[in-house]
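Step one of this worksheet: look at the structure below.
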Amino acid sequence: MSPVRGFGSLVAALAICVGLSPPAPAAPEPADLVLRDAKIYTVDKAKTIAEVLAVKDGRLVFVGTASDAQGWIGPKTRVESAGGHLVLPGLVDAHIHPLDIADLDVCALDDRVVTLAELTRFVSDCLARYQTAPGAQLTVYQWNYAVGNQPDPKHRTLRAALDAASTTRRIQLLGDDAHHSAFNSLALAQAKDRTGKVVGMSKATLANEFAASLPFVGVDENGEPNGAVNEDARYAISRDSMRYLALEDVLKVPERITQRLSASGITAVLDAMASPEGMPVYDKLVADGNLNARVTLAQFFNPSENLTPDGKVDYDAMLGRAMRIRAKYASSPLIRADVVKIFADGGIEGNPLAVPPTLPDGAVLKPFLQPIFGIDPAGRATVTGYVDTATPVCVDVREHPARYAAAQQVGDFMKVRGYHPGQCVISSGRLQNEREVILEYARRMHVAGFSLHIHVIGDRAARTAIDAIEAARAADGDSSTRDALAHLQLADPDDVARIGRDHLFVAFTYAWMTTEPNYDLMVIPFLQPVHGNSHAALHPPGSFYDANAYPARDVKAAGGILTAGSDAPVDTRDPRPFVNMAIAVTRRAPPLPALGPQESITLPDVIEAYTTGGARMLNIEKDAGSIEVGKSADFIVLDRDILTIAAGGHAESVAETHVLSTWFQGKEVYRRPH
């Protein structure tokens, strides 16, 4: 049975169920609110469709048919008509960075695609607009690291492009994914070692003080930093790289956070990287009565930044801080802090435009390939061949790197071989922390009663994260915590089976489950052989990436619990839940072909991920996630019937959905302007 025909039968069956439902008990007293003339998809266990709901003191007291609702209407009852529109439970965004989604007046590229020459002009304009003083820093937000950034003779690297904008003011680009950054020379010169001494980031310090950071730093053909600095390596240059927006600016207008959430129909979130510094924003929202959503804080403490005087990871200090914050919000009706976040790895994108091409740093099970890139007539990177890292010359490069380090030696090597000696490196990426650290952190936090939320991209990171959760559960005998994996870009089938067996939650960002030529070139050639840059070259039948990328359907089939996380402001500050829903079903961004369509899920599946799945993960299912008597009156009214649209074979149109109104605890917190 096809998903479309099967769901059409389900809708018909649900309509019958409504007609056979038992009579509702007489209303003890009139409701505060009655919403009628609605198609209410309750997302209860029976997937009931109702016509009316009633609210008293912020909670649902009736959900059923129009014929049974009249008794709930009194002289003071507010009666609203949904005009026949579809009503869903308030949505749960199970992986978002709320403090970074507010619209502020900052220098932001907003994910636009620019060449390096255009980047120079944009940054120069920002320096003038914001009157950045000599020696001060300009931060450029929402830089699209994956598309564009084409060099030219005057702007050969990111560093050169930013230097062309200014050599007297520090400049940092913050990638739209929170993993990539870029800096100009003045900023690189301010890099500090672990003692706090300014030593600068250079070829020399990358061989000494910053040797451990080398996999996260882009270099040019001479081994000097090319401006690209990713993951934790950024923090040696600028602590601001930890956040998208400056907290002091957000604290001035925190209501813009919940305004955006409400406009998207979101009434509960997991702050996926909550720091102690961000708590005043939430405290102000509560004090001002502007927190129109339930918030679960996934507390983040970076083990590499929390060390004892002798350089060991200070687990006790991190646990102590986490427990104090949990206790602070223990009696809060809207905020809880019983989750901790840790990164298993970073991202899985390389840089084909760098010389040598920068390898991805995500942790994978098999070593990355070393593609040789050229430029096609249209100016796009294209794969022309691969380096055989097993040849005697590559073995010699690895054994005697000093022989191939000087500019003359590199130039001679490239003329003869056609590739940079740096491409003889063999790498399977990096875990963000040592495996033993991840496991010990997970164990200690789990024993203390915290659920684990682990960022995983590569398949080795996924395996490590599952190992950590299983070991933590074995240590305390508790499998009732709501342990979750975030993103899961690649997963081995054996590990998908473990996710199901362990009933883990997976917070997918469904909008990423598409093909995109420029992004695909940053990932796929490093994972499987590619020749050229066409869609057919990147996505041949039976390819490794298409078979293992974002395995949503397999996770669900195995017994894992799907949730939905926008990861906003990654890509965009808009949480775009209905774009995520559409792509979960289609796995494509028109007009491009689908990515691994065998991993698509149905619209009811993704609605469940956005409601009951997320509520279970956040441990708020007694209050939220479905429209049922006794739960909080958190619901949204949509401008179209996405169930019927998807059942009719037009799931891509779900992306165009708008929220007409959002209700939280029985109060209307958003109404779409006419």
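The values are calculated or read from the model by the stated rules, or taken from the named source; none is laboratory data. Predicted, not measured: the structure shown is a model, and the values here were computed from it. Please note: Cβ atoms are built from the backbone with ideal geometry, for glycine as well, and neighbour counts cover all protein chains shown. Protein only, heavy atoms only, side chains kept; ligands, DNA and RNA dropped before computing areas. Shrake-Rupley method; radii C 1.70, N 1.55, O 1.52, S 1.80 Å.
Structure data summary
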| read-out | value |
| --- | --- |
| For segment 607-652: rounded, prolate or oblate by the Cα gyration tensor [a/c cutoff 1.5] | prolate |
| Phi to ³J(HN,Hα) by Karplus 6.51 cos²θ - 1.76 cosθ + 1.60 over segment 264-275, Hz, x for Gly, Pro | 8, x, 9, 10, 7, 9, 9, 6, 7, 7, 7, 10 |
| All Cα pairs of segment 404-521, percent lying beyond 26 Å | 39 percent |
| Values of log10 I(q)/I(0), in the order q = 0.09, 0.10, 0.11 Å⁻¹, for the chain under a Debye, Cα-only, solvent-free model | -0.78, -0.96, -1.15 |
| Principal axis dimensions, segment 338-380 - Cα atoms, whole angstrom, descending | 54, 22, 14 |
| Anchor K197: lysines whose Cα lies under 21 Å away (excluding residues fewer than 8 positions away in-chain) | K312 |
| Accessible-area ranking of R234, R671, largest first, probe 1.4 Å | R671, R234 |
| Segment 170-183 - phi-based ³J(HN,Hα) in whole Hz, Karplus 6.51/-1.76/1.60, Gly and Pro as x | 6, 10, 10, 9, 9, x, 6, 10, 6, 10, 10, 9, 8, 9 |
| Taking the convex hull of Cα positions in segment 27-126, its mean projected area over all directions (nm²) | 11.2 nm² |
| Dipole of the chain [Lys/Arg +1, Asp/Glu -1 at C-beta], most positive-end residue of Q665, L592, V496 | Q665 |
| Relative packing of peptides 101-113, 625-637 - highest average C-beta neighbours within 10 Å first | 625-637, 101-113 |
| Volume per residue that the Cα convex hull of segment 576-626 spans, once the total is divided by residue count, Å³ | 75 Å³ |
| 20 Å Cα-Cα threshold exceeded, pairs from K45/K556; K203/K366; K45/K622 | K203/K366 |
| Under 27 Å from the Cα of K252 - lysines, other chains or at least 8 residues apart | K284, K328, K341, K667 |
| In Å², nearest 10: area of K192 left accessible to a 1.4 Å probe | 100 Å² |
| Rounded to whole Hz, the Karplus (6.51, -1.76, 1.60) HN-Hα couplings of segment 645-651, x for glycine and proline | 4, 5, 5, x, x, 10, 4 |
| Expected 222 nm ellipticity per residue - DSSP helices of 4 or more, -39500 (n - 2.57), all of the chain, to 500 | -8000 deg cm²/dmol |
| Stokes-Einstein D in µm²/s, Kirkwood radius over Cα pairs - segment 391-463 at 4 °C with 1.567 mPa s viscosity | 83 µm²/s |
| Mean accessible surface per residue for segment 319-401, computed with a 1.4 Å probe while every protein chain stays in place, in Å² | 42 Å² |
| For segment 537-556 and segment 399-419, distance of Cα centres in Å | 37 Å |
| For segment 460-607, radius of gyration divided by Kirkwood radius, i.e. Rg to Rh on alpha-carbons | 0.99 |
| Segment 192-256: projected area of the alpha-carbon convex hull, averaged over directions, in nm² | 5.4 nm² |
| Size descriptor, Kirkwood hydrodynamic radius, that averages inverse alpha-carbon separations across segment 262-394, Å | 19.2 Å |
| Carbon and sulfur %, accessible surface of segment 435-524 computed with the full protein complex present, 1.4 Å | 50 percent |
| Calculated log₁₀ intensity ratio I(q)/I(0) where the Debye formula runs over C-alpha points of segment 78-218, q = 0.10, 0.22 Å⁻¹ | -0.45, -1.40 |
| Mean projected area (nm²) of the alpha-carbon convex hull when segment 325-420 is viewed from all directions | 11.7 nm² |
| Rounded to 5, the percent of DSSP beta bridges in the chain classed as antiparallel | 50 percent |
| Principal axis box of segment 557-657, alpha-carbon based, largest edge first, Å | 44, 32, 29 |
